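Before any comments, here is the structure.
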Amino acid sequence: MKPFYVNVGHCFARPYESRYAMLRRCLVVNPGVPLSTIDARLRALLGIRGSILSRVCALQLSPAPADWPRDLYVNQSYRRQCPQCAQQLYHTDIYALPWLVRCPIHHCAFTEKCPVCHQPWPDRVALAKRDCPGCGRASIKYLTNLLQSTDYRPIGEIVDFIKRRGPEYSLGTGRGHPEFINFDHWWREIGVCDPLFPACQAHRYPVLSSARMAELHIAYKPVRHRTTSLIPADSASELPFRRWIDTDLAVYVIKSQWYLAADFEAMKYIVSWIARHTASHPVYIHGFRNRDTNYFVKAPDCCPYCLALSLWFFNAAVRQCIVRYAGDVNHYPFCQQGQMGDFLIAREPHLMTYRGGIFYMAKNFAMWFYRRGLEIMFMDILQRVFKWRKQIKMLRKHDSVLCEQQRCWTNDAPDERCSSAIIGDRFYFFYENEHPLDHYTPPTIPGIDSLCEAHRRHLSAIRRKFDIFDYEIPQPDFSYAAFLTLFQEFNALVQRISDHRCGWR
Amino acid sequence: MGQPHIDYYDHPVFHPNRLRLETPAMKRIGEEVHRWLWTGATGGAIIGAARVGKTTALRALVSQLRTRGNEPIPSHYVTIPNRDQRTILSIFRQLCLSAKLRVTPRDRADHLADRFVYYIADRAVEADCQYAVLVVDEMQRLWPAQFNPFAELYDKLSLLDINLTVLFVGNDQECQHLFEQIEQPAYAHIRGRFFTHSTAFPGLTTKEQMKGCLAQYDHLRYPADGPTYTAYFLPDAVQDGWRLTVLSGAMWRVFREYQKNYHITSWGMQYFTAAVNTLLIDFLPRYGVEDVDDELLHECIRISGLVPDLVQRAG
């Protein structure tokens, strides 16, 4: 190909514009030149790495600033545009933010279709072939109003609001030990596209007043927050939350009453929630250890609440008791076969700054954080169990391998979305609902009492002696004494499992 | 560190396109063009005899144009080729070709026009300037209707808030018929836009001007830290104090004979530099600086081509 000069369209450059807008500008100012031809020329000029978007961006006099938020490069952000901005060849990635409900410049609603040609906003390939003045390669006669001065400061305010970042750190859980082990977190830090982001960011960096946010058409979804002081790990005389003793003989150790109290609080809440949604169905803790998919296919339907609570309790209890036998105690082949994935883990939080400083949180916050993790952990398990039960029913019908469409577990975040920040010398944690379970409506299961009883009888008939675990949660009052009894029975089970293992040696 | 090797024949005297001599006409045309730009002129015409140095002067000038605030003005130079078919499309094609924009046989005139408009606009924005200059050389090859594309460029760039000034350069005798056509009412918009301002570009018209050009041979150096142009070819003579300007009187006297006989208004720079270069490269090194007579100078002027050309014009 004979080299040729590619016009860039500097005269139409606007602040904070997206790479899509830069590409559209490039196409407008090179009328009649196919996109593929422009791309080939730019590849020869700038190299073959990257996309045409990045190559066009490299031609700009003022490329995107280095501190442009990475998660603001919203994939397919062109799908949502302001019609008036589009007629001025303008588009910015922040228009894809779901919490930005109107154009902050023209105050009109975003659309998914061009108002001129009534077609969906074009992707970069369709853009090159479209001559529509509203969304495509507009001729110069349609661009006479582009040089009218437009105030892009509102865009800049929003970008500045998004870009604010505090000290960087890593939030994790694990033992209070410099060598942290981070398990699957029960929380997920939200990104800039999350509806909760404006409220979280406004709390962190109050650069925009609520009135100004309304003027900029930023939808504000309130969040809750809790805060704690940060305790340097070096200053902690001993690990604040638990003591553990690991010996060759002891299979369980005495744990902090603090942990047991937190476990009890969480379990009590969960049991009462189950009662509300099942008309006080009696809930049992069973041992489903070593059960595979085949067992559940042949057995009567199990109660999802009992199954979920059992899995939850065993996971929570074993990690408070003994790490050494965790894999044995929580050995669930049916979970692996059903590709349920790893369950979330609730532990006390810690924080590590990128300078290497390690901090714990105050006791009240840590306990609340841990309890919240337990509640979310249960909700996560319950949702997986409901999905998995459908799989079992399909297997009974078709008697075949797992259907492909059921393999992939996509767990919707059950109130895992959150945000956090260090402001001053305090840690802030932002979240939406105080009790995530209160905002979850499980599917109705008719005849749950008889269903549960049938499975319970089947389970007790085939269970091995050393593996028996069948505990009915006392209702309506599930007391701390009852919880301790449950915990002691669990310890006894672990002891039996350990003895059985030693017997095999 | 050794001196880089310089090829003897790399000297600008051997390459007419690289030989740049400042003449009073160039300085005057620079002042004139700046005056047009600073007073908001939309165009102008620069007319002169053939081979007088217009192209060289304008090519040097376009990179030196400044606003009143001494900001550089982006400019573009284009030469109109001689074609059997003179169309609007061919103008836009030539403009795009000169700017190295993509041109294919299937391109439409409006696409080519817009492509060139945006090219100029890009240059203006890069220079942070709201002005642009387009120099159109060999304007005598245009048909009157072919001036409309330049008006279109002006109009479209105005929409982009860029003031375009188009400078047309052409040969005075060949442009006469064009000027007569443009005088017609149908081309009033062209005349008013591009030909309100015009100026003549002469060659060397006085002995002092010619002496000034000869003095540049005695001052310009090649390479930058090397000998002067004169010393490059006549080192011994220059070391003895001889300078090329010594010949200015004799040369002008000889030229005056041709000027009277053939009614030449000025000494075109092509012919002047050809004569001086022949003298400097061949005759003076061979015969020495002491034996320069009128016959030698006549021969140099003859070799420069001034005489055959004038014979054709007189015929």
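The values are calculated or read from the model by the stated rules, or taken from the named source; none is laboratory data. Remember, it's a predicted structure, so these values are computed and weren't measured experimentally. For neighbour counting, all protein chains shown are included, and Cβ atoms are generated from backbone atoms with ideal geometry for every residue, glycine included. Side chains are part of the model used for accessible areas, which takes the heavy atoms of the whole protein and leaves out ligands, DNA and RNA. Shrake-Rupley method; radii C 1.70, N 1.55, O 1.52, S 1.80 Å.
Summary of values
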read-out	value
Shielding by partners - mean other protein chain Cβ count within 10 Å, residues of B:108-120	5
Assigned charges on the beta-carbon of Lys, Arg, Asp, Glu; chain B dipole about Cα centre (debye)	800 debye
Which of A:Ile468, A:Ile274, A:Ile358 is most accessible, then next, and so on - probe 1.4 Å	A:Ile468, A:Ile358, A:Ile274
Whole-number D in µm²/s for the protein assembly as shown (Stokes-Einstein; Kirkwood sum over Cα pairs; 37 °C, 0.692 mPa s)	94 µm²/s
Peptide A:26-34, shielding by other chains (average Cβ, 10 Å cutoff)	5
Within the protein assembly as shown, helix-based [θ] at 222 nm, where runs of 4 or more DSSP H residues each add -39,500 (n - 2.57), nearest 500	-13000 deg cm²/dmol
Under 5 Å, built H, 5+ apart or other chain: amide partners of B:Ser198	B:Ala45
Entries of B:Lys207/B:Lys260; A:Lys298/A:Lys387; A:Lys221/A:Lys363; A:Lys268/A:Lys387; B:Lys54/B:Lys156; A:Lys141/B:Lys156 with Cα pairs more than 20 Å apart	A:Lys221/A:Lys363; A:Lys268/A:Lys387; B:Lys54/B:Lys156
Ratio Rg/Rh, restricted to chain B and using Cα atoms, in which Rh is the Kirkwood radius	1.03
Fraction of beta bridges assigned by DSSP in the protein assembly as shown that are antiparallel (%, nearest 5)	55 percent
Shielding by other protein chains, B:97-105, mean Cβ within 10 Å	4
Cleavage-rule hits, trypsin sites (Lys or Arg not before Pro), the stretch B:12-48, DSSP coil, Cβ neighbours within 10 Å at most 14	B:Arg20
The stretch B:65-115: trypsin sites (Lys or Arg not before Pro) falling in loop per DSSP and having at most 13 other Cβ within 10 Å	B:Arg68, B:Arg83, B:Lys100, B:Arg106, B:Arg108
Fraction of accessible area attributable to carbon and sulfur, chain B (%, probe 1.4 Å)	49 percent
Nearest-10 value in Å² for the accessible area of A:Ser272, using the 1.4 Å probe	50 Å²
Average accessible area per residue (Å²) across the stretch B:17-156 - probe 1.4 Å, nucleic acids and ligands excluded	44 Å²
List A:Met394, A:Met1, ordered by accessible area with a 1.4 Å probe, largest first	A:Met1, A:Met394
Cα centroid separation, the stretch B:218-278 to the stretch B:25-58 (Å)	25 Å
Amide proton proximity set for B:His76, modelled H, under 5 Å, gap of 5+	B:Val133, B:Leu134, B:Val135
Integer Hz, Karplus 6.51/-1.76/1.60 couplings in order for the stretch A:27-36, x for Gly and Pro	5, 5, 8, 10, x, x, 8, x, 4, 5
Probe 1.4 Å, all protein chains present, accessible-area order of B:Asp155, B:Asp240, largest first	B:Asp240, B:Asp155
Integer Hz, Karplus 6.51/-1.76/1.60 couplings in order for the stretch A:191-208, x for Gly and Pro	x, 5, 7, 6, x, 7, 4, x, 5, 5, 5, 5, 5, 5, 9, x, 8, 10
Accessible area of B:Glu208 in the full protein assembly, 1.4 Å probe (Å², nearest 10)	130 Å²
In Hz, Karplus ³J(HN,Hα) per residue of the stretch B:57-73 (6.51, -1.76, 1.60; θ = phi - 60°; x = Gly, Pro)	5, 5, 4, 6, 6, 4, 8, 10, 6, 9, 7, 4, x, 6, 8, x, 9
Options A:Ser209, B:Ala127, B:Phe283, ranked by Cα towards positive dipole end of the protein assembly as shown, top entry (Cβ charges)	A:Ser209
Interchain or long-range residues, amide H under 5 Å from A:Leu100's placed H	A:Ala219
